[in-house]
1. Shape verdict for the stretch 85-205, please, from the Cα gyration tensor: rounded (a/c under 1.5), prolate (a/b greater than b/c) or oblate.
2. What is the distance, in nm, between label points placed 7 Å from the Cα along the Cα-to-Cβ direction at Ala28 and at Thr183?
3. Once you put a point 7 Å from the Cα of Thr200 and another 7 Å from the Cα of Ala15, both along the Cβ direction, what distance in nm separates them?
4. Loop only by DSSP, 11 or fewer other Cβ within 10 Å of the Cβ. Give me the GluC sites (Glu not before Pro) in the stretch 71-173 that pass, ordered by residue number.
5. About the Cα centre, and with charges only on the beta carbon of Lys, Arg (+1) and Asp, Glu (-1), how big is the dipole of the chain? Nearest 20 debye, please.
6. Would the stretch 11-123 count as rounded, prolate or oblate if I go by the C-alpha gyration tensor, calling it rounded below 1.5 in a/c and otherwise prolate when a/b exceeds b/c, oblate otherwise?
7. Which length gain, in nm to one decimal place, applies between Phe96 and Glu115 when the Cα-Cα distance is subtracted from 0.36 nm times their residue separation?
8. Which of the helices in the chain, when you take each full DSSP H run, stretch at least 24 Å along the axis at their Cα atoms and have an average Kyte-Doolittle score of 0.5 or higher?
Amino acid sequence: MTLYLIRHGETALNAARVMQPADTPLSARGERQARALARRLAGVGLLALVSSPLPRAWRTAQALSAATGLPIDADARLQERNFGALRGRPYDTLGFDPLAMAAAPPGGESAADFEARVAAAFEALRLWCAGHAGPVAAVSHGLVIQRMLQAHAPADPGVTVPERVGNASVTRIEFDGPAARATLAGCMAHLDAESGDDPTALSGG
């Protein structure tokens, strides 16, 4: 069973290193990244597509839907961690790393609650994959994918897990019953000079 786990394309707030409100859309570069991603995955025989309902992920999924003809299912468990009152604030002015904080920000989600939600999302994806006779794709967010790789899908020998999950990157998870492993992590080979990931952009938040 094969799952292609995709991070959404770039947003203007990713590039500006700002903690993102829920309604943040893709930037022009993010739209190009989404189209490049869709061209890459159009030929792998996807049978189903699910996405976080947040606009930046949903728009990325729409590009893949247009290339494959697949409808998009929404799963709120794939949403990025909720940083509550920190959303809209520049990351580099906070004086601490909110992406690593254990406590819940005001109006937001604690690390423990986020990790429990990601665990539930990953199990739902495993069961969803088991119901299809071919590869499926899920569009999500940087911290979600990072946590899935850390806690639920260790990388095969020789597979390098990047420190940051890049925009519009592809991670491939293989399931064998309840066991999962990453056979590809954070790959951005489909992005060219015009659509390439900005390594200084915020990954998460």
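Read-outs: derived from the displayed coordinates by stated rules, not from any lab. Because the structure is predicted, anything quoted here is derived from the model rather than measured. We place every Cβ from the backbone using ideal geometry, glycine too, and count neighbours over all the protein chains shown.
1. It is oblate, given that a/c is not under 1.5 and a/b is not larger than b/c.
2. So the label points at Ala28 and Thr183 sit 3.9 nm apart.
3. In this crude spin-label approximation the distance works out to 1.2 nm.
4. Here the sparse-neighbourhood loop sites are Glu163.
5. My answer is approximately 260 debye.
6. Note, shape of the stretch 11-123 comes out oblate.
7. Separation in residues times 0.36 nm, less the Cα-Cα distance, equals 4.8 nm.
8. 111-130
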